[in-house]
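Notes to accompany the following structure.
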Amino acid sequence: MGSSTSILVSRSVRWGGVLIGVGVTQFVVAMALVQSRYGGYSLLTNYISDLGNTSTSPLPAVFNDSIILLGLFAFLGTLLAWGGFPRGGPRVVGLFLVLVASIAAVLVGLFPENVNPNVHDIVSLMVFLPGGLALVILAAGMREGTRWSSYRIFSAVLGFVTLASLVYYAPTQLNNTTWDPGLIERLIVAPILIWGFVVGIHLARIPRFSPAGRAPSS
C-alpha cells in the first residue's frame, strides 16, 4: 500500500510540474504575440498590463485569458506538486504564498488596468510581493540532502531580484517617478516566471517520490 501511495504522489508531483511549466510557457508566448501586434509598444516604458488594456491593446483577450490560465495552472500545479518540495515550514509558507500569487494572477486578468485600475493595482501587488517572498522562503528549505539543494542559490537570487525591484518600483509609482517602468516591472515579474519554468521542469523530471523531498540514497 505504501508503494502504491508513493507512485500516486510521484505522478501528482510530476503532473504538477507539467502544469506549472505549461502555464508559464503559454503566458510568455501570449505576451510575445500581443507585443508583436501592438504598434509602438516598448519593453522599457510600457507596463506588462498594457497588453491587456481593453481600449489600447490589439489583442486584450489573448493576454487576459493567458494570465488567468497562468494563475489557474500555477494554483493547481502547486497543490499537485506540494509533496515534491522539502518538508517543513518553508514549504508551507512558501507554497502558500505561491497560491496567493496564483489567485491574484487570475484577478489581474479579470480586472484589466483600464476597467478597474484600483483593483488591478492591488492584485498586481499581490502577485509581485508574495511571488518574490515565496522564492526566498522556499530557498531556505532547499537544504543539503534534498533534491533541491542545487536550486537554493538560484531561488534566493531570483527572489531577491524581484523584491529589490519592487522596493524601488512601488514608492516611485505613487508619484510617477519610476525610471523606465516597463523595464523595472519586468525585473519584478521575469524572475518569478523563470523560477516557475525551471522548477516545473525539475518537478516533472523527478523519477520517483521521495518523502520530504529527500534525494534518493545511492
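The values are calculated or read from the model by the stated rules, or taken from the named source; none is laboratory data. These numbers come from a predicted model, not from an experiment. Methodologically, a virtual Cβ is constructed for each residue, glycine included, from the backbone with ideal geometry; neighbour enumeration extends over all protein chains shown.
Remarks
- Boolean, Leu70 is within 21 Å of Ala32 (Cβ to Cβ), buried (at least 22 other Cβ atoms within 10 Å of the Cβ) and touching a helix residue (DSSP H, G or I) at 6+ places or on another chain (Cβ under 8 Å): yes
- Restricting the first member to region 141-154 and to residues that are closer than 10 Å to Phe85 by Cβ and modelled with pLDDT of 85 or more, and the second to residues that are surrounded by fewer than 17 Cβ atoms within 10 Å (Cβ to Cβ) and among the polar types (S, T, N, Q), the beta-carbon pairs closer than 8 Å and six or more apart or on different chains are Met142/Ser149.
- Against the criterion of being closer than 20 Å to Leu187 by Cα, modelled with pLDDT of 95 or more, surrounded by fewer than 16 Cβ atoms within 10 Å (Cβ to Cβ) and not polar (S, T, N, Q), Leu44 qualifies.
- Test: residue in region 97-104 that is crowded, with 20+ Cβ neighbours inside 10 Å, in contact (Cβ under 8 Å) with a residue 40 or more places away in the chain and of a type in the set (Ser, Thr, Tyr): no
- Evaluation of Thr162 against the conditions (1) within 26 Å of Trp15 (Cβ to Cβ); (2) within 17 Å of the chain's Cα centre (by Cα) shows that the sole unmet condition is (1).
- Lone qualifier among Arg91, Arg11 - being part of a helix (DSSP H, G or I) and free of Cβ contacts under 8 Å to residues at least 12 places away in the same chain: Arg11
- Region 181-214 - residue that is surrounded by 14 or more Cβ atoms within 10 Å (Cβ to Cβ) and assigned to a loop (DSSP other than H, G, I, E, B) and, of those, modelled with the lowest pLDDT: Phe209
- Failed item in (1) part of a helix (DSSP H, G or I); (2) in contact with a helix residue (DSSP H, G or I) (Cβ under 6 Å, 6 or more places away or on another chain), with Gln173 passing the rest: (2)
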